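The values are calculated or read from the model by the stated rules, or taken from the named source; none is laboratory data. Nothing here was measured: the structure is a model prediction, and the numbers come from that model. Note that each Cβ is placed from the backbone with ideal geometry, even for glycine, and that neighbours are counted across all protein chains shown.
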Amino acid sequence: MAGLFDVPSCDKCRNPAIHHQVYSGRMMCGAHLAESVRKKASKALREQLFLPKGEHTTILVAISGGKDSAVLLERLHENLGKRRDVTLVGGCVDEGIEGYRPPSLECARQLCEDLGIRFETVSYPELGFKEMDDVVNKIVQLEEKKAPCSYCGVFRRQGINHLADRVNADVIALGHNLDDMAQTIMMNMQNGDLERTLRLAPHTSTPLEGMVPRIVPLRWIPEQEIHLYALHKKLPIHHEECPHGEGALRFRHRETIAMMESDVPGTRHGLLRMADDLKRLHASAGGKFNTISPINCPECGQMCSGKICKACEMKKQMQ
């Protein structure tokens, strides 16, 4: 009965394959999948991170306890951990979600401890925001149409900025994978929001005034491959999805992108290449963003383009 339960072999060795990389046609064992992830992350890091000679660079790595940020921190530690001119700091924002954030926070703390990296955390109440569980209750009371993620995304960005200020970071590293990037580009297209697409990280060649530049070394690596890499490396990761995430627009785009990728392998790569091409075209045409010059929010001091920043505006709605 040979063939019925045969496990395909890795293209590069005779070991059993654990992953079929449909967009390239390759079959991969754990070791060769890990090698592929390492190469892509290292190449992206070389392209995105410029370390000034004779200067010290502090990188805040935004971590959550999930697979993406765990792989991001492990890769940055492997690539930069031995350099004397670089300090890595793991930073986690505690949104106040019972049953979800405490165990994931512990995974983030454990990984930093394993790698010998400084760990910093900040909670929403420390930033002057309500905990997300309270925000969700308030949304129900007010019969708000906005999803909890709309508030949480804005508050969490403030948390990351706060941690960057606290550790005097020169660069912020985010764990966005290829699926995340494709979903964001699709959401921007749906809204006709070209400017937000032009502002997408990495900010290596397009720094935004008043903001610590972001890098995204995992941007070309699909979510599934990152998950498999994290399992292969036995990294401490929290597997649960946020209980308040259901109904968010991004979740619907996640399904759409997955369906498009299944029908036409390489779709995610194409969307990201298109966004990169738009940024290059915009830069070569000498284009500038059509935003009002940023100011410091009179309420919290963070950079914003309106009278007050989005976080302070949302905070008032939740009082």
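Odds and ends about this structure:
- Residue in region 14-27 that is aromatic (Phe, Trp, Tyr) and modelled with pLDDT under 95 present: no
- Residue count for region 244-293, restricted to those that are touching a Leu at 6+ places or on another chain (Cβ under 8 Å), more than 17 Å from residue 187 (Cβ to Cβ) and modelled with pLDDT of 95 or more: 1
- Strands (runs of 3 or more DSSP E) (entirely within region 1-95) containing at least 3 residues that are touching a helix residue (DSSP H, G or I) at 6+ places or on another chain (Cβ under 6 Å) and among the hydrophobic types (A, V, I, L, M, F, W, C): 57-62, 86-94
- Among all positions in region 222-231, there is no residue which is of a type in the set (D, E, K, R), in a loop (DSSP other than H, G, I, E, B), at pLDDT 95 or above and within 27 Å of residue 102 (Cα to Cα).
- Members of region 106-145 found to be closer than 16 Å to residue 69 by Cα, in contact with a helix residue (DSSP H, G or I) (Cβ under 6 Å, 6 or more places away or on another chain) and either assigned to a helix (DSSP H, G or I) or among the β-branched types (Val, Ile, Thr) (or both), listed by number: 111, 115
- Residue within region 113-125 that is touching a strand residue (DSSP E or B) at 6+ places or on another chain (Cβ under 9 Å) and free of Cβ contacts under 8 Å to residues at least 24 places away in the same chain present: yes
- Here residue 15 meets the list (1) among the polar types (S, T, N, Q); (2) closer than 14 Å to residue 215 by Cα; (3) surrounded by fewer than 16 Cβ atoms within 10 Å (Cβ to Cβ) almost entirely, failing just condition (2).
- Selection from region 53-72 of residues that are of a type in the set (D, E, K, R) and closer than 16 Å to residue 106 by Cα: 67, 68
- Scanning region 151-199 for residues that are surrounded by fewer than 16 Cβ atoms within 10 Å (Cβ to Cβ), of a type in the set (S, T, N, Q) and assigned to a helix (DSSP H, G or I) yields a total of 1.
- Selection status of residue 315, surrounded by 17 or more Cβ atoms within 10 Å (Cβ to Cβ) and modelled with pLDDT under 85: yes
- Any hit, region 235-245, residues being assigned to a helix (DSSP H, G or I) and aliphatic (A, V, I, L, M): no
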